[in-house]
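Q: Got a structure for you, written out below as C-alpha cells; questions coming shortly.
Bear in mind these aren't lab numbers, they're just calculated from the coordinates by the rules spelled out. Since this is a predicted model, take the numbers as computed values, not measurements. Positions of Cβ are generated from backbone atoms using ideal geometry, with glycine treated the same way; all protein chains shown enter the neighbour counts.
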Amino acid sequence: MKEDKKKKILEKAIELFGEAGYLKTTVEEITNSLSISKGSFYTYFDSKESLLLGILNYLFEQHCIILDKTAEETKDLDAESTLRLYLKTSIEKTMVNKNVTALIQQVIFNDFFKVDEIKRKLPSFKEVDVKFVRENIFEKLGENQRYFNKTLVIEYTISSIHTFIMINLKEREAEFIEQNKEGIIEDLTTLILHGIQKEEI
C-alpha cells in the first residue's frame, strides 16, 4: 500500500513535470492532483529535488527491466535483428510516455539542477545502454566490424539513436510514428550497420 502511494506520486509528478515543466510545478499542485496532503507527500520525499531523484531512480529501474527483457528476447538473434528490436523498443518507449522524454530533456539540457545526486544519476542510463549494445550487438558482429575505439563508437551510436528519438520523433504525432515506424527502424538499422560493419571485398 505504501509503495503504491509512492508510485502514484512518482507517476503524477512525471506527468506534471513533463507537461508544465519542473520549475513551474509545485508540490502543492502534485498533492492536489492526487487528493493527498502535503504531509503525506513528505512522508516519501523530503523536497521536490528528492522527488526528482526518486523519479530518475524509478525510471532507471524500468529502463534496466526493458533492456534485460530485450537481451533475453534477442539472445539467439543476430546483431541486425537485435539492433532492430533495440530501436523498436526505444521508439515505442518514447512514444508511449512523452512526459518522461520531456522531463529527461529538462534534466539534460538545463543547468538549473544543482543537486549533485541528480547530475550523477544521468550517466547510469548511458552505462547500461553501453553494456547492452556492447554485449548484444557489437559482440555478435565478431570480427565483422570496423572501429578505432569500440567504447567511443558504442557511445556515439547510443547518443545518436536517443538524440534522434528525443528531438525528432517526440514532436511527431503518434499516428505518423505508427505508420512509419518500420521504415524508420529500417533506415536507422541500415545507417548504423553501414557505419560499424566492415565492407565486403
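Q: Could you go through the range 120-133 in sequence order and give the Karplus-derived ³J(HN,Hα) for each residue, using 6.51 cos²θ - 1.76 cosθ + 1.60 with θ = phi - 60°, rounded to whole Hz, and x for Gly and Pro?
A: Rounded to whole hertz, the list is 6, 6, 4, x, 4, 4, 5, 4, 6, 5, 4, 4, 5, 5.
Q: So, one more: Of Leu23, Ser40, Leu10, which is farthest towards the positive pole of the range 1-47's charge dipole, taken about the Cα centre with +1 and -1 on the beta-carbons of Lys, Arg and Asp, Glu respectively?
A: With unit charges placed on the Cβ atoms, the residue in question is Ser40.
Q: Here's a follow-up. Over the range 1-145, calculate the relative contact order: mean separation of alpha carbon pairs under 8 Å at least 6 apart, over the residue count, as a percent.
A: That works out to 33 percent.
Q: Okay, moving on. Could you give each residue of the range 72-86 its phi-based ³J(HN,Hα) in whole Hz, using Karplus coefficients 6.51, -1.76, 1.60 with θ = phi - 60°, and x for Gly or Pro?
A: Here the 3J(HN,Hα) series is 5, 5, 10, 4, 9, 9, 7, 4, 5, 5, 5, 4, 4, 5, 4 Hz.
Q: Kindly write out, for the range 5-20 in residue order, the coupling ³J(HN,Hα) from the Karplus curve 6.51 cos²θ - 1.76 cosθ + 1.60 (θ = phi - 60°), rounded to whole Hz, with x marking Gly and Pro.
A: Each residue of the range 5-20 in turn: 5, 4, 5, 5, 5, 4, 5, 5, 5, 4, 4, 6, 5, x, 7, 9 Hz.
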